[in-house]
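Here's the structure, in structure tokens; my notes come after.
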Amino acid sequence: MKVHILDDWFDTLRHLPCFEKLRGHDVTIWNDHPPTTALLADRLAEAEALVLFRERTPVTADLLQRLPKLRLISQRSVYPHIDVASCTAQGVLLCSNMHADGHSVAAAELTWALVLACARQLTAQNAAIKAGQWQMGVGQSLAGRRLGLYGYGRIAQAVAGYARAFGMEVVWWGSDAGRARAVAAGETLAESRAAFFADSDFISLHVRLKPETQGIITLADLGRMKQSASFINTSRAGLVQAGALLTAMRAGRPGRAGIDVFETEPLTAADDPLVHHPNVIATPHIGFVTEDELDTQFADIFDQINAFAMGNPIHMINSAVWPRK
């Protein structure tokens, strides 16, 4: 098959062990992102299978209509960036492994890195010593402090394990269903939503972005946090009310934030006010960007391509289009 891989910005995939799975296919890898749908469609004119690098490229009805040879989109995890109805209308099969049997270790590890970085002011301390200064402030120990986890999912559960290894108290909040699962697992809920935000020393957000979760963290929630507290978001920026985090940081509640996700991505504005806030530690959506994680993810994606090529597709999202008429 003629396979096109989008948005492999650092030309990583061809060097991973899983890339061997594409032996025998005609593979084209794109390392940049075209600015218009028309240019993207021109690139993909011959593509039979399209591999997506997470959510870096939206797949719209306009794009699909320009790709008459496309038969398969292969990716992993959730797909809010894909117009599934248009895929079905165009006869394009979407395959995506929802990986219900595991979690993103890389995302959990980055979450913990941001917790530690906020607690010990790592970026500010590093900047100080590079500027010829000595200590710039006093950090926090994690032992004995409270970590609030919003959303009872697999990544949050991994983060809870890290927290307990550091001697932290862990409390939970989230949807009704999420809180019920936490209670069933013997976990501790905060006394209330307000208490969750007011009493936690660190809060980390772990929820999937869906229409019903858009903006679930409000300015009022953030405003209840302590001046000494940190807010961590490695999930999606859209879970927080638009503009609320910057407003809250400017008001001093919470006192610090560690964020890996942004309302606009890729974020290339050198003067972005949230990124440049002195108490924000920001990373450019690297939660899943490790060699190990990418090899795991793309092994699934490439398996989907091979299964389709052999006439036995797996992980079908819109199975109504199969078999192709």
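For this structure, a couple of remarks:
- Residues of segment 97-121 that are open to solvent by 10 Å² or more (accessible area, probe 1.4 Å) and over 28 Å from T296 (Cβ atoms): R120, Q121.
- Sole residue being in contact with a Pro (Cβ under 7 Å, 6 or more places away or on another chain) and not hydroxyl-bearing (S, T, Y), chosen from L40, L52: L40
- The residues in segment 181-237 that are of a type in the set (S, T, Y), open to solvent by less than 20 Å² (accessible area, probe 1.4 Å) and closer than 16 Å to R256 by Cα can be counted, and the count is 4.
- Qualifying residue in segment 134-143 (condition: assigned to a helix (DSSP H, G or I), within 24 Å of V105 (Cβ to Cβ) and at pLDDT 95 or above): no
- Restricted to segment 303-319, and to residues there that are more than 17 Å from E20 (Cα to Cα) and among the small types (G, A, S), the residue that is surrounded by the fewest Cβ atoms within 10 Å (Cβ to Cβ) is G311.
- Residues (on the phi > 0 side of the Ramachandran plot and surrounded by fewer than 20 Cβ atoms within 10 Å (Cβ to Cβ)) located in segment 149-176: G167
- When residues of segment 24-47 are limited to those that are free of Cβ contacts under 8 Å to residues at least 40 places away in the same chain and acidic (D, E), the one farthest from D11 (Cα to Cα): D42
- Residue ID - surrounded by the fewest Cβ atoms within 10 Å (Cβ to Cβ), chosen from residues in segment 1-60 that are assigned to a loop (DSSP other than H, G, I, E, B), at negative phi and among the basic types (K, R): R23
- Within segment 122-148, being open to solvent by less than 50 Å² (accessible area, probe 1.4 Å) and touching a residue at least 24 places away in the same chain (Cβ under 8 Å) holds for A124, Q140, L142, L147, G148.
- Entry remark, segment 78-96: residues being surrounded by fewer than 17 Cβ atoms within 10 Å (Cβ to Cβ) and either touching a strand residue (DSSP E or B) at 6+ places or on another chain (Cβ under 7 Å) or of a type in the set (D, E) (or both) number 2 in total.
- Output for segment 274-297, where each listed residue is closer than 18 Å to R256 by Cα and open to solvent by 60 Å² or more (accessible area, probe 1.4 Å): H276, P278, N279, P284
- Filter result for E191 (under 23 Å from T218 (Cα atoms) and either assigned to a loop (DSSP other than H, G, I, E, B) or not hydrophobic (A, V, I, L, M, F, W, C) (or both)): yes
The values are calculated or read from the model by the stated rules, or taken from the named source; none is laboratory data. Predicted model only: the values in this text are computed from it and were never measured. Please note: Cβ atoms are built from the backbone with ideal geometry, for glycine as well, and neighbour counts cover all protein chains shown. With ligands, DNA and RNA removed, areas are computed over all heavy atoms of the protein, side chains included. Shrake-Rupley method; radii C 1.70, N 1.55, O 1.52, S 1.80 Å.
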